Amino acid sequence: MMNIAQRLLSLEWHDMVNMDLSILRIYLYLSAAFIVFIVGLAFYRLYLSPLAKFPGPRLAAATRLYETYYDVIRDGQFSWQIERLHQIYGPIVRIKPWELHVKDPDNYNTLYAGVTRKRDKDSWFSFAGWPNSIFSTNGHALHRSRRSVLAQFFRRQAILDAEPLIRQNIQALCRHFRKAQERYDSLELYTAFSCFTSDTISQYAFGKQNGFHYLGKAELDVACKSKAHSIFELSQKTRQFPWLFKLVHVFPWPASLIDADFAAVYAQEMEVQSMVRKAILERGTGCSEKPKPIYPAILINEKVPEDEKRLARLTDDAIFMVQAGTDAPGRALVLTLYYILRDPDVHKKLRSELCASWPDVTIEPGLIAMEQLPYFTAVLKEGLRLSSLVSTRLPRVAPDEELYFHGYEIPRGVPVSMTTFFILRDPILFPEPLQFIPERWLLEPQDLRKLERYLVPFSKGTLGCVGQSMACAWLYMVLGTLLRRFEMRLCDTAEWNVTPVRDKFLWQTEPGKNRVQIKVLREYS
């Protein structure tokens, strides 16, 4: 030890300078190697990659930061930028070093294929903060297995069996409409319908007593809306910087100071985790509710592997289900009702059809009866089209086959995407695409089938939305009930309150503009 100390003390100045120069030399070598790597990677992506032949901006082909700029710095503008790129480069555009975007509605089913053709997700894109959720499940076989367990609860008969639960929550919603009418207060639809969808999906998942009960409160709780809204506000940031979502779970309080949306998302996660934990603790004790709620039923299903019943696995899946089952269908309800109330002719025709089929307001027709109303069905289809909720692209990977679009051969394993938002607003497919025209769906059966090929608000194929039937049931039952029972009109609501300007997976208005208010004028007898 003494020898080492003596040697250190005896170091000459030039020795120390030489040490500093050696360290500096190492830094220079590392920096040079890094620069060579970056230049080499860019050269490969621009000239040697299998995707080098596809048109698109050079910067997008060279780096993912092109997307980051439009989604983070420009606050959710990448979807609109992709549409502009198609106008410049044509129907196929290279939007990232490893991803292509295609504008080809006629071949939508080729990319978003059914069970006969294997499709995977892009693992980078499907990151949502909950790695065990069905949305983030990328392997074809595992996704198919998990989807088959969940899909049974969203089949046609399961939805019909859930009518009493849906009806109970509609009655609770009507009480708030009635209260608004008595007070002559304005009622904010995003808040009202978020409370309905959150209550209904959570109670369907965990049981009437264990789910949320926002509608049972004396006043509608705006926190429900903010929780549902926050996860989508964060979606682009957390996809570009996945460590942000991990950070919030380690340091929730500091993260909430950086972005208030983190606090709302974390609060919702903890509430859902508590519901899952309770379902696991009560496993096998016997749930008397019929139909049996989703997670109690999964926990006693012997065909579901025990590894799929872990707290972390079920919590991730339940968080995603509650989020997806709250905001998107709630928005569809808001926007469809907005378009109906904005157009007096549509409102009058729809009211006439509802009153003719439902003369006694105290006797409520079932879902099947409402689905038989042709004009109501056309109104809902047009509402789903013009709502165009999913504004982001949905990449798919064909691992076992090449794909062919517009004369291009796309190698197997390459993420390829389309954007339903622009299909649903395509002026060639839907003349006057920004106008609410239910009559466009009142066609002869053969022509209707052709047009319905392009009605893809829930995507299609084996990776499409599993909750489509439930969302459509809510549209029929909620809007049918409200329009038959109440006279309503819009108030303090302008076009900017429903104008898409930002892509946050679901489109968003300008910050703070997502509100649609009505006055409830009277209740029909």
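In the stretch 67-78, the residue that is surrounded by the fewest Cβ atoms within 10 Å (Cβ to Cβ) out of those that are of a type in the set (A, V, I, L, M, F, W, C) and more than 18 Å from PHE422 (Cα to Cα) is ILE73. Scanning the stretch 366-376 for residues that are of a type outside the set (A, V, I, L, M, F, W, C), within 25 Å of ASP161 (Cβ to Cβ) and out of contact with any helix residue (DSSP H, G or I) (no Cβ under 7 Å at 6 or more places or on another chain) yields one hit, GLN372. Considered as a group, the residues in the stretch 206-245 that are without any contact (Cβ under 8 Å) to a residue 24 or more places away in the chain and in a helix (DSSP H, G or I) include one that is surrounded by the fewest Cβ atoms within 10 Å (Cβ to Cβ), and that residue is TRP243. The set of residues in the stretch 347-387 being assigned to a loop (DSSP other than H, G, I, E, B) and modelled with pLDDT of 95 or more consists of GLN372, LEU373. Before we move on, is ALA328 assigned to a helix (DSSP H, G or I), among the aliphatic types (A, V, I, L, M) and either within 30 Å of GLU282 (Cβ to Cβ) or without any contact (Cβ under 8 Å) to a residue 12 or more places away in the chain (or both)? Spelling it out, ALA328 is indeed assigned to a helix (DSSP H, G or I), among the aliphatic types (A, V, I, L, M) and either within 30 Å of GLU282 (Cβ to Cβ) or without any contact (Cβ under 8 Å) to a residue 12 or more places away in the chain (or both).
Taking the stretch 460-500 as the search range and keeping residues that are among the hydrophobic types (A, V, I, L, M, F, W, C) and in contact with a strand residue (DSSP E or B) (Cβ under 7 Å, 6 or more places away or on another chain), which one is modelled with the lowest pLDDT?
Initial filter on the stretch 460-500 (among the hydrophobic types (A, V, I, L, M, F, W, C)): 463, 465-466, 470-475, 477-479, 482-483, 486, 488, 490-491, 494, 496, 498.
This time we only want the ones that are in contact with a strand residue (DSSP E or B) (Cβ under 7 Å, 6 or more places away or on another chain), so: 463, 486, 488, 490-491.
Values: LEU463: 89, PHE486: 96, MET488: 97, LEU490: 97, CYS491: 96.
Checked the stretch 460-500; the qualifying residue modelled with the lowest pLDDT is LEU463.
Every listed requirement among (1) over 15 Å from ALA205 (Cα atoms); (2) touching a helix residue (DSSP H, G or I) at 6+ places or on another chain (Cβ under 8 Å); (3) in a helix (DSSP H, G or I); (4) free of Cβ contacts under 8 Å to residues at least 40 places away in the same chain is met by THR137 save one, (3).
Are any of the residues in the stretch 335-347 within 19 Å of the chain's Cα centre (by Cα), surrounded by 19 or more Cβ atoms within 10 Å (Cβ to Cβ), under 23 Å from PHE193 (Cα atoms) and not acidic (Asp, Glu)?
Narrowing the stretch 335-347 to residues within 19 Å of the chain's Cα centre (by Cα): 335-336.
With surrounded by 19 or more Cβ atoms within 10 Å (Cβ to Cβ) added as a condition, the list becomes 335-336.
Remaining after also requiring under 23 Å from PHE193 (Cα atoms): 335-336.
If we keep only those that are not acidic (Asp, Glu) as well, we get 335-336.
Checked against the condition, which is being within 19 Å of the chain's Cα centre (by Cα), surrounded by 19 or more Cβ atoms within 10 Å (Cβ to Cβ), under 23 Å from PHE193 (Cα atoms) and not acidic (Asp, Glu), the stretch 335-347 yields at least one hit.
Condition (residue is surrounded by fewer than 17 Cβ atoms within 10 Å (Cβ to Cβ), of a type outside the set (Phe, Trp, Tyr) and either out of contact with any Lys or Arg (no Cβ under 8 Å at 6 or more places or on another chain) or in a strand (DSSP E or B) (or both)) applied to the stretch 475-488: is it met by at least one residue? Quick ask: steps written out before the conclusion?
Going through the stretch 475-488, the residues surrounded by fewer than 17 Cβ atoms within 10 Å (Cβ to Cβ) turn out to be 487.
Cutting the leftovers down to of a type outside the set (Phe, Trp, Tyr) gives us 487.
From the residues that got through so far, the ones that are either out of contact with any Lys or Arg (no Cβ under 8 Å at 6 or more places or on another chain) or in a strand (DSSP E or B) (or both) too are 487.
Yes: the stretch 475-488 contains one or more residues that are surrounded by fewer than 17 Cβ atoms within 10 Å (Cβ to Cβ), of a type outside the set (Phe, Trp, Tyr) and either out of contact with any Lys or Arg (no Cβ under 8 Å at 6 or more places or on another chain) or in a strand (DSSP E or B) (or both).
Just so you know, in the stretch 79-89 the residues that are farther than 12 Å from PRO57 by Cα and not hydroxyl-bearing (Ser, Thr, Tyr) include one that is surrounded by the fewest Cβ atoms within 10 Å (Cβ to Cβ), and it is GLN87.
Regarding PHE154, is this residue crowded, with 18+ Cβ neighbours inside 10 Å and in contact with a strand residue (DSSP E or B) (Cβ under 8 Å, 6 or more places away or on another chain)?
Values: crowded, with 18+ Cβ neighbours inside 10 Å: yes; in contact with a strand residue (DSSP E or B) (Cβ under 8 Å, 6 or more places away or on another chain): no.
It is false that PHE154 is crowded, with 18+ Cβ neighbours inside 10 Å and in contact with a strand residue (DSSP E or B) (Cβ under 8 Å, 6 or more places away or on another chain).
Of all residues in the stretch 367-385, one or more are of a type in the set (Phe, Trp, Tyr) and either crowded, with 18+ Cβ neighbours inside 10 Å or within 18 Å of GLY330 (Cα to Cα) (or both).
Name the helices (runs of 4 or more DSSP H) wholly within the stretch 140-194 that hold at least 2 residues that are basic (Lys, Arg)? I'd like the intermediate steps shown before the answer.
Values: elements: 140-151, 156-161, 163-183.
Helices (runs of 4 or more DSSP H) meeting the threshold: 140-151, 163-183.
Restricting attention to the stretch 398-451 and to residues that are free of Cβ contacts under 8 Å to residues at least 24 places away in the same chain and either touching a Cys at 6+ places or on another chain (Cβ under 7 Å) or aliphatic (A, V, I, L, M) (or both), the residue that is farthest from SER123 (Cα to Cα) turns out to be LEU443.
The values are calculated or read from the model by the stated rules, or taken from the named source; none is laboratory data. Remember, predicted model here, so these are calculated numbers, not experimental data. Every residue, glycine among them, receives a Cβ derived from its backbone with ideal geometry; neighbour counts consider all protein chains shown.
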